[in-house]
Amino acid sequence: MKKLLLLFTACAVSAAMLAGCGKSGVKNSAEATPENPMVLTLAHNLSETHITSIALQDFADLVEEESNGRIKIQIYPGGQLGSETEVLEQLMAGVVGMTRVSAPGLATYNEGYHTFGLPYIFKDTQNYYDVMDSDAMGDFFRSSEKDGFVTLTYYTSGSRSFYTINKPIRKPEDLKGLKIRVQDMKSQTDMIKALGGTPVAMAMGDVFTSLQTGIIDGTENNETALTTGKHGEICKYYSVDQHSMIPDVLVISSVIWKQLTPEDQNILISAAKKSTQSHKVAWDAGIEKAISEAKDTMGVTFIEDVDKDAFRSATKEMIESYSEKYPKVQDVLNIINSVD
């Protein structure tokens, strides 16, 4: 019933928007004019003040500017049209035009996206950027039209590390017997099992209370979770193992994509890439601020002497199993390994 209600709401929103776009409403960008623009919906579940939300607004502004007002993007933040999964379902039906989603969430529709949830597939942050900005990755992003979506760009969400209430994690053995919260992704639960811990999948909104009550011993995320999620009030050890770099991606429905001329498709891709570059700068500033606040006001100790080689070794077999089970994962790994 909830899904039907959300789908109805999204349809009503889309209909209302089209009704306000001109006498007939524009369903093909070739017909769009500044006076009668094509309006696309972009729904996501982040707050309006989130760093990535700001990048999405930059993208929308750039699209309107570069199309001379012929294409406008109406953003619905904060989960107004449902969760990531629910909005993705609406996107596949062409009801919602675009969304921002954690990349592994697309694995249901294209198995290659499992790759982005795997640990230690990038050498470091610079390698991550070089890979994600490469032409080969761009080709992969644009290859999923038949799967119901096209990826326009990615946004970094930093590197994810383990942090716990009262035990530093320096090697895989330190996770033994610990209950670690993860996102509801197969790759993350498999990773924790490979490292000897007990994975507990739960929504981000439940993590603080679960840490507070001892339901879980720790979790994993980037440094901003310590401050924005207030996890640093409870977890006093942040172990910089940087096991994964899971990007967010901006995707557009194939239904909507086909309604754009090739020239307008290029406008969206260009605007998306530009918003990614400015997002990198804002993200780095946000991480620096979070680390400073966590150290100085929350008393969090950052553990730097982590044995990353031991973590890589412990998860190697898991990565190999994914590449064997999902051929497209191996294709994406080949792209990653081809970029110096």
key: Residue satisfying condition, being in contact with a Gly (Cβ under 8 Å, 6 or more places away or on another chain) and of a type outside the set (G, A, S), within set T228, T213, T224   = T224
request  = Determine, yes or no, whether A30 is at pLDDT 90 or above and either farther than 19 Å from L88 by Cα or not assigned by TED's automatic domain parsing to the domain that holds T153 (or both).
outcome  = yes
ask   = Which members of the range 190-205 meet the condition of being at pLDDT 95 or above and of a type outside the set (A, V, I, L, M, F, W, C)?
value = D190, K193, G196, G197, T198, P199
ask   = Can you name the residue in the range 244-262 that is within 16 Å of the chain's Cα centre (by Cα) and not aliphatic (A, V, I, L, M) and is also surrounded by the most Cβ atoms within 10 Å (Cβ to Cβ) among such residues?
value = S244
key: Residue ID - farthest from P119 (Cα to Cα), chosen from residues in the range 194-224 that are in contact with a strand residue (DSSP E or B) (Cβ under 8 Å, 6 or more places away or on another chain) and touching a residue at least 60 places away in the same chain (Cβ under 8 Å)   = E223
request  = Kindly state which strands (runs of 3 or more DSSP E) lie completely within the range 21-115 and contain at least 3 residues that are surrounded by fewer than 23 Cβ atoms within 10 Å (Cβ to Cβ).
outcome  = 71-76
ask   = Is it true that some residue in the range 166-173 is under 24 Å from the mean Cα position of the chain (by Cα) and part of a helix (DSSP H, G or I)?
value = no
ask   = Out of I319, I335, I303, I291, which single residue is out of contact with any Gly (no Cβ under 6 Å at 6 or more places or on another chain), more than 22 Å from R170 (Cβ to Cβ) and not hydroxyl-bearing (S, T, Y)?
value = I335
key: Selection within the range 142-164 - within 18 Å of Q242 (Cα to Cα) and in contact with a Leu (Cβ under 8 Å, 6 or more places away or on another chain)   = Y155, F162, Y163, T164
request  = Filter the range 311-339 for residues that are of a type in the set (G, A, S) and touching a helix residue (DSSP H, G or I) at 6+ places or on another chain (Cβ under 6 Å) and give the result.
outcome  = A314, S323
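The values are calculated or read from the model by the stated rules, or taken from the named source; none is laboratory data. Please read these numbers as outputs of a predicted model, since none were measured by experiment. Because the Cβ atoms are built from the backbone with ideal geometry, glycine has one as well, and the counts that use them run over all protein chains shown.
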